[in-house]
Structures are given as structure tokens and as C-alpha cells.
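Q: So that we are looking at the same thing, I have put the structure below in C-alpha cells.
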Amino acid sequence: MRYVRYAFLGTLGIILISVSLANRGLVTLKLMPDGLADLVGFNPGIALPLFVVVLIGIAAGLIIGFFWEWLREYKLRRDAGQKAHEVRTLTREVTRLKGEKHQGKDDILAILDEAG
């Protein structure tokens, strides 16, 4: 399984390098469209290679998707935490009740009572 992972990562690396080399041309990213920039009076921009813009877009999409999913699963995590707390509470209570049940009895009779 480890070799499959290495093969996949190597193939992905070769594909990313080839796409990056094929898209080295500069593109200008502007904050606003030209018509709106004329009204406001400024329009900052930056020139980046196209592959950088594509990779940043993919990374931003992944981060936003992971964050959105984390927010969506909040109820599930909260319910799981409540259930775990309830299990711990009930386990402590059962242990306490077993101790009270056999309190004052002979140890061997208590063991036999638990087994039966």
C-alpha cells in the first residue's frame, strides 16, 4: 500500500510540474473591473504566473470546503460529546452500585453472586 501511495504522489507531482511549466505566462489580477475602478479612482493589481493563480484557487477552495464541513458537523460533534459524557456518568454509577450491592458481604460470595 505504501508503494501505491508513493506512485500516486509521484504521478501527481509530475502532473503539477508539467501543468506549471505549460502555464508560466503572466496574468494580471485586478481588484475591480475597469469601469468601477474609474469611478473609485484606484484599482490595485498584481501580475502572477497563471499556474500560481490556479493553485491558489484550488487551495482556497479546499480550505473553504473543509471549514464549511467542520461548521456543518458541529451538531454531530456536540451530540457525540454529550453521549460520551452520559456513558462515563452511567459507568461510574454502575460501578458505585455494584460496590454498594456487595458491601458487607463476604468477598467470595460477592464474586459468586456477580458470576451468577
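Q: Go ahead and collect, in residue order, the members of the range 57-83 whose backbone nitrogen is under 16 Å from a label point 7 Å along the Cα-Cβ direction of THR89.
A: 78-83
Q: Right, next: Hey, what angle do you get for helix 74-101 against the long axis of the chain, alpha-carbon based, 0 to 90 degrees rounded to 10?
A: Long axis of 74-101 versus the principal axis of the chain: about 10 degrees.
Q: Computed FRET efficiency, Cβ-Cβ of VAL54 and LEU31, R0 25 Å: what is it to the nearest 0.05?
A: 0.85
Q: Right, here's the next one. Compute the angle between helix 2-22 and the longest alpha-carbon principal axis of the chain, please, reported from 0 to 90 degrees and rounded to the nearest 10.
A: On a 0 to 90 degree scale, this one is about 20.
Q: Report the chymotrypsin sites (Phe, Trp or Tyr not before Pro) located in the range 1-42 that are in a DSSP loop and have at most 15 other Cβ atoms inside 10 Å of their Cβ, or state none.
A: Listed in order of number, the matching sites are PHE42.
Q: Give me the one-decimal nm value for the distance between modelled label points at ASP79 and VAL4, 7 Å along each residue's Cα-to-Cβ direction.
A: 3.2
Q: Also, quick follow-up: With a Förster radius of 41 Å, plug the Cβ-Cβ distance of GLU69 and LEU112 into 1/(1 + (r/R0)^6) and report the FRET value to the nearest 0.05.
A: In this case the efficiency is close to 0.15.
Q: Further, regarding this structure: What is the magnitude of the charge dipole of the chain about its Cα centre, with +1 placed on the Cβ of each Lys and Arg, -1 on the Cβ of each Asp and Glu, and no other charges, expressed in debye to the nearest 20?
A: With Lys and Arg at +1 and Asp and Glu at -1, about 220 debye.
Q: Same structure again: Which loop trypsin sites (Lys or Arg not before Pro) in the range 1-85, with loop taken from DSSP, have no more than 13 other Cβ atoms within 10 angstrom of their Cβ?
A: Sparse-neighbourhood loop trypsin sites (Lys or Arg not before Pro): ARG24.
Every number in this text was worked out from the coordinates using simple rules, so none of it is lab data. Predicted, not measured: the structure shown is a model, and the values here were computed from it. Positions of Cβ are backbone-derived with ideal geometry, glycine not excepted, and every protein chain shown enters the neighbour counts.
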